[in-house]
Amino acid sequence: GFEAAWKRYFVEMEALASRLLGLFAVALGLDEDHFEPYVDRHLGNLAANCYVEQPEPPEPGRLRIAEHVDFSTMTILYQDDGPGGLQVRRRDGAWVDVPHVPGGYVVNVGDVLARWTNDRWVATPHRVRNPDPVHAETRRLSIPFFHLPNHDALLEPIPTCVDEHHPARYGAVLAGEWIMARRARIDTAA
């Protein structure tokens, strides 16, 4: 039953991502189905993160997950109400907690969408902090769905995001090449 539940959840996240991409396209002055040829064979994936209890306090300054941006079109995140959660960095550099909203999801823009929008929409820097010591014996669960375009999708700024005041910031690259390059940087940083 567990496999069937995960497959059903994945299908539901695919459908939600598709609806969101349609809304994103309209917001960018494009036809609702603009992104469809770029994601009809998407490389999306699903993960489950269980942040275990911390009977021993972590080292000062240590995080559960360090600051990063996702190399995705978007990330759709379910998070429970466990303490020690997701934070996003505002443009002024301040970190703010992302509250748990019962029945809700967090949607982060990934760097694929940032490239397509010529940074009109920027990828969301985020991290996961440790819980306060009083909640150290509490677990936390998050389930991110990383929506990635087709391997052969061309990533370049879309026309409605480029003009004389906003020249193209990025050259064209295939999504698969971009994703592999991003993964290589992560692997070598570890």
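The values are calculated or read from the model by the stated rules, or taken from the named source; none is laboratory data. On a predicted model such as this, the values are computed, not experimentally measured, just so you know. Neighbour counts run over all protein chains shown; Cβ positions are idealised from the backbone, glycine included. The area values use the complete protein model at the heavy-atom level, side chains included, leaving out ligands, DNA and RNA. Shrake-Rupley method; radii C 1.70, N 1.55, O 1.52, S 1.80 Å.
Rank these residues by their accessible area, most exposed first, probe 1.4 Å: PHE2, PHE71.
The most accessible residue leads, giving PHE2, PHE71.
Taking the Cα atoms of region 35-158, report the difference between the largest and smallest coordinate on each principal axis, in whole Å and largest first.
49, 30, 26
Give me the number: length gained by fully extending ASP40 to ARG127, i.e. 0.36 nm times residue separation minus the C-alpha to C-alpha distance, one decimal in nm.
That pair, ASP40 and ARG127, stretches by 28.3 nm at full extension.
Put +1 on the Cβ of each Lys and Arg and -1 on the Cβ of each Asp and Glu in region 14-73; which of LEU28, ALA48, TYR38 then has its Cα farthest toward the positive end of the dipole?
Positive-most Cα among the choices belongs to ALA48.
Go ahead and estimate [θ] at 222 nm for the chain from helices alone: -39,500 (n - 2.57) per DSSP H run with n ≥ 4, summed, over the residue count, rounded to 500.
It lands at -8500 deg cm²/dmol.
Counting pairs of alpha carbon atoms under 8 Å apart in space and at least six apart in sequence, what relative contact order in percent does region 61-123 give?
That works out to 40 percent.
Measure nothing fancy, just the Cα-based angle from helix 175-189's long axis to the longest principal axis of the chain, in degrees from 0 to 90, nearest 10.
30 degrees
For the peptides 145-155, 9-19, what is the packing order when you average, over each peptide's residues, the other Cβ atoms within 10 Å and list the highest mean first?
The packing order, highest mean first, is 145-155, 9-19.
Helix 2-27 sits at what angle to the longest principal axis of the chain, using alpha carbons and giving 0 to 90 degrees rounded to 10?
Value to nearest ten degrees: 50.
When only the heavy atoms of the protein chains count and the probe is 1.4 Å, how do THR73, THR160 rank by accessible area, highest first?
Heavy-atom accessible area, descending, gives THR160, THR73.
Within 10 Å, count the other beta carbons around each residue, average over each peptide in 162-172, 113-123, and list them highest first.
Top to bottom by mean Cβ count within 10 Å: 113-123, 162-172.
Could you tell me what percent of the accessible area of region 1-87 is made up of carbon and sulfur, with a 1.4 Å probe and every protein chain present?
56 percent
With the Cα gyration tensor of region 26-93 giving a ≥ b ≥ c as the square roots of its eigenvalues, does the rule (a/c under 1.5 for rounded; else a/b larger than b/c for prolate; else oblate) give rounded, prolate or oblate?
prolate
Leaving out ligands and nucleic acids, note down the accessible area per residue over the chain with a 1.4 angstrom probe, in whole Å².
58 Å²
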